[in-house]
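I have placed the structure first, in the form of structure tokens, so that the comments after it can refer back to it.
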Amino acid sequence: MHHQDATVETVTAAVLRDGYAVIEGVLDADNVRRKRQELRPLLDETDEGANSFLGYRTRRVFALAAKVRCFDDALLHPLVLGVLDQVLEHYQLCVATAIEIGPGESAQTLHADDGVYPLPTAAGPLTINTMWAIDDFTAANGATRLVPGSLGQHEKRTVDSQPVRIAEMPAGSVLIYLGSLWHGGGANHTDRPRLGVVLEYVVSWLRPQENLGLTYPPALVKGLSERLQELLGYNLYPPFLGYVDGKHPAELLRGFTDPPT
């Protein structure tokens with residue numbers, strides 16, 4: 001669906017029904033260009049992966065929200081947060097990673113992100129992923145592969161024989177999908193890399209994959225918006241999960257002063 005036609009209600013319904021939704025035209029061309037330019041130096045100084053899951057010809061810039069501010073608009077996009085409000089209710093950042101699949105990369109093994117948590121599927125949705133296309137995503141250059149209808153299946157053998165949908169989408173689009181949906185990066189058969197950015201969110205009562213407290217220390221977070229501070233771990237899951245010295249983490253930020261140099 002196109003961004004102009006997408007609403008929180010229609011996207012939420014698609015995500016809960018199919019496990020995913022593709023929304024085109026969310027970021028304009030200038031916005032995408034600025035993001036690509038700011039990521040380029042970070043990608044150029046990053047080594048390729050050390051195993052087949054990370055990708056021997058794939059570069060990953062982790063802890064992205066600690067290194068650039070150009071994705072704050074994506075992190076706080078009202079359509080995405082509206083869907084998260086409906087599905088996860090209370091959540092925070094889980095992962096922020098730029099992923100550039102290089103030429104000659106093979107397809108990533110299918111997996112479900114919620115599988116890192118040893119919880120039954122009855123616990124409900126735990127994470128939601130957003131994959132932002134900074135380049136066009138095509139079947140040839142490594143667009144994300146999805147297995148529709150694979151929600152809640154935690155054995156790979158049950159999904160290997162099922163049809164795979166390729167999330168082709170132009171640059172500036174976003175793919176939103178549940179963490180229980182089986183998926184994987186595609187093979188890149190072209191001579192150009194394919195760049196996307198994963199911003200994943202997790203319910204606030206679970207430990208995020210990124211160690212938020214170390215990745216986003218008070219000196220980095222203090223000057224950000226209150227909503228972004230909450231997403232970066234400075235929040236409470238009601239009534240008091242996540243407190244600091246008996247207080248809301250926001251109190252820590254309000255009283256924080258830069259250490260002497």
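The values are calculated or read from the model by the stated rules, or taken from the named source; none is laboratory data. Bear in mind that the values here come from a model prediction, so they are computed numbers and not experimental data. Please note: Cβ atoms are built from the backbone with ideal geometry, for glycine as well, and neighbour counts cover all protein chains shown.
Brief remarks on what is shown
- In region 235-249 there is at least one residue matching the filter, namely being assigned to a loop (DSSP other than H, G, I, E, B) and under 30 Å from S173 (Cα atoms).
- Inside region 17-32, residues that are modelled with pLDDT of 95 or more, outside any strand (DSSP E or B) and surrounded by 14 or more Cβ atoms within 10 Å (Cβ to Cβ) make up a count of 5.
- Residues of region 181-230 satisfying the condition of being modelled with pLDDT under 95, in a loop (DSSP other than H, G, I, E, B) and surrounded by 15 or more Cβ atoms within 10 Å (Cβ to Cβ): L181, W182, K222
- Matching option when the condition is in contact (Cβ under 8 Å) with a residue 60 or more places away in the chain and either over 23 Å from the mean Cα position of the chain (by Cα) or farther than 30 Å from A143 by Cβ (or both), among Y243, Y177, Y237: Y237
- Matching option when the condition is charged (D, E, K, R) and surrounded by fewer than 20 Cβ atoms within 10 Å (Cβ to Cβ), among E48, E105, E100: E48
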